[in-house]
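To keep things clear, I will list the structure first and then write my remarks on it.
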């Protein structure tokens, strides 16, 4: 079995669009959450969201290709371009080697809506436009990036709600571990427009703390009142250790374990048993003792049921070891399909720079969340292994364990 390493990272986040800027935002406890008057005027119950800027692709992507790229594919392009550069992979390498892509995405709401609105308005399917089909498919990110970067390896979209990008990394890890690919681009993207989350707002899933946006996302806190929607993209370059050494790649860390499970229960309300199985399998596959984990980046989205049950699952697996736990969603909101990949990068930046970003807005636990060691403010911490959870609707769970190198 091959060892699987991370050789490059790139991100497009409400905390910044470079690794240095994101690292600084994490360290300072900066929030990327804002109040959107546009959403309030449109009829949203909660007008809170992450502030994710649109990139300018004109210097990088020709116009005839940009027409195929919805919002999240644009974020993903920028994150992937930077990740490849960091991994010292250029177009010549991509042209002469089999590099794959597995990327998480589970909605293309705005592009689909725009195309169908034109069809209904004009009563003519040709009004949808020639790029509409490529923009509106769930696989839009992988199809666009595979063509733009001329990738000839696996080309696959991971569509599994808020575990999508963690499962993308996990599946890429599995293919490389088993020798089926040497190098895979993995990650996830989430559109940040209001249309993709209107139905979430309709079921009262969002925080309504509109008078204080940066304090609205409160994972594990007793007074949390719902999540805040985010967006963006995150990319990691995965390679076999031997492949990375052979080409002189910068080796950042090693994926040592992956766990996954299904709750087999309610479509939206999580349980404890499913997440606990995901954690247990990750630890077992990694062959590590829980006390070797120096930090957990929790899935915790700032909902009562989700945070509480994840806390109990962590406590069940870690026992009396009070591993430091935070949810970076306190700063970013819930990046949904991109969350697992983004939180892998956030955790990597902490591990590489000797700190744990505080779980901002955490002041007091409730009865369920009191069983974990939530770190409320940034602390100095040297750790060589972390665990990151991603859980999604339908009871899909994914847990990654990553070791410093």
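The values are calculated or read from the model by the stated rules, or taken from the named source; none is laboratory data. Here the structure is a predicted model, which is why all the values come from computation and not from measurement. Every residue, glycine among them, receives a Cβ derived from its backbone with ideal geometry; neighbour counts consider all protein chains shown.
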Boolean, residue 275 is touching a residue at least 12 places away in the same chain (Cβ under 8 Å), crowded, with 16+ Cβ neighbours inside 10 Å and over 29 Å from residue 1 (Cα atoms):
no
With respect to the numbered conditions (1) closer than 29 Å to residue 10 by Cα; (2) part of a helix (DSSP H, G or I); (3) touching a residue at least 12 places away in the same chain (Cβ under 8 Å), which one is the sole condition not fulfilled by residue 92?
(3)
Taking the condition out of contact with any strand residue (DSSP E or B) (no Cβ under 7 Å at 6 or more places or on another chain) and either within 21 Å of residue 186 (Cα to Cα) or in the same structural domain as residue 180 (by TED's automatic domain parsing) (or both), does residue 126 pass?
yes
Test for residue 256: is it without any contact (Cβ under 8 Å) to a residue 60 or more places away in the chain and farther than 24 Å from residue 26 by Cα
no
Which listed residue is touching a strand residue (DSSP E or B) at 6+ places or on another chain (Cβ under 9 Å), closer than 28 Å to residue 23 by Cα and not assigned by TED's automatic domain parsing to the domain that holds residue 106, from 237, 184, 169, 251:
251
Which members of the range 370-395 meet the condition of being crowded, with 22+ Cβ neighbours inside 10 Å and not in a loop (DSSP other than H, G, I, E, B)?
374, 386, 387, 388, 389, 390, 391, 392
Residue by residue through the range 309-345, note down the ones that are in a helix (DSSP H, G or I), touching a helix residue (DSSP H, G or I) at 6+ places or on another chain (Cβ under 6 Å) and either closer than 17 Å to residue 227 by Cβ or outside the structural domain of residue 279 (by TED's automatic domain parsing) (or both).
310, 311, 337, 338, 340
How many residues are surrounded by 20 or more Cβ atoms within 10 Å (Cβ to Cβ) and farther than 16 Å from residue 73 by Cα if we restrict to the range 100-114?
1
Check whether at least one residue in the range 345-362 is within 21 Å of residue 277 (Cβ to Cβ) and touching a strand residue (DSSP E or B) at 6+ places or on another chain (Cβ under 6 Å), and report yes or no.
no
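Here is a yes/no grid of residues against (1) at pLDDT below 95; (2) in contact with a helix residue (DSSP H, G or I) (Cβ under 7 Å, 6 or more places away or on another chain); (3) under 30 Å from residue 204 (Cβ atoms):
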site	(1), (2), (3)
32	no, yes, yes
38	no, no, yes
45	no, yes, yes
61	no, yes, no
72	no, yes, yes
81	no, no, no
100	no, no, no
For residues in the range 346-369 being in a helix (DSSP H, G or I) and touching a helix residue (DSSP H, G or I) at 6+ places or on another chain (Cβ under 8 Å), which is surrounded by the fewest Cβ atoms within 10 Å (Cβ to Cβ)?
353
Being in a loop (DSSP other than H, G, I, E, B), under 20 Å from the mean Cα position of the chain (by Cα) and either without any contact (Cβ under 8 Å) to a residue 40 or more places away in the chain or surrounded by fewer than 18 Cβ atoms within 10 Å (Cβ to Cβ) (or both) narrows 217, 268 down to just 268
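To keep it simple, each residue is scored yes or no on (1) over 30 Å from residue 251 (Cβ atoms); (2) surrounded by fewer than 19 Cβ atoms within 10 Å (Cβ to Cβ); (3) in the same structural domain as residue 32 (by TED's automatic domain parsing); (4) out of contact with any strand residue (DSSP E or B) (no Cβ under 6 Å at 6 or more places or on another chain).
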position	(1), (2), (3), (4)
56	yes, yes, yes, yes
69	yes, no, yes, yes
91	no, yes, yes, yes
95	no, yes, yes, yes
98	no, yes, yes, yes
Quick check on my filter: what residues within the range 8-26 are surrounded by fewer than 17 Cβ atoms within 10 Å (Cβ to Cβ) and touching a residue at least 24 places away in the same chain (Cβ under 8 Å)?
18
Considering the range 168-206 alone, what residues qualify as being more than 19 Å from the chain's Cα centre (by Cα) and buried (at least 24 other Cβ atoms within 10 Å of the Cβ)?
176, 183
Does the range 351-363 include one or more residues that are more than 25 Å from residue 233 (Cα to Cα) and modelled with pLDDT of 95 or more?
yes
Could you tell me whether residue 69 is under 21 Å from residue 17 (Cα atoms) and not in a loop (DSSP other than H, G, I, E, B)?
no
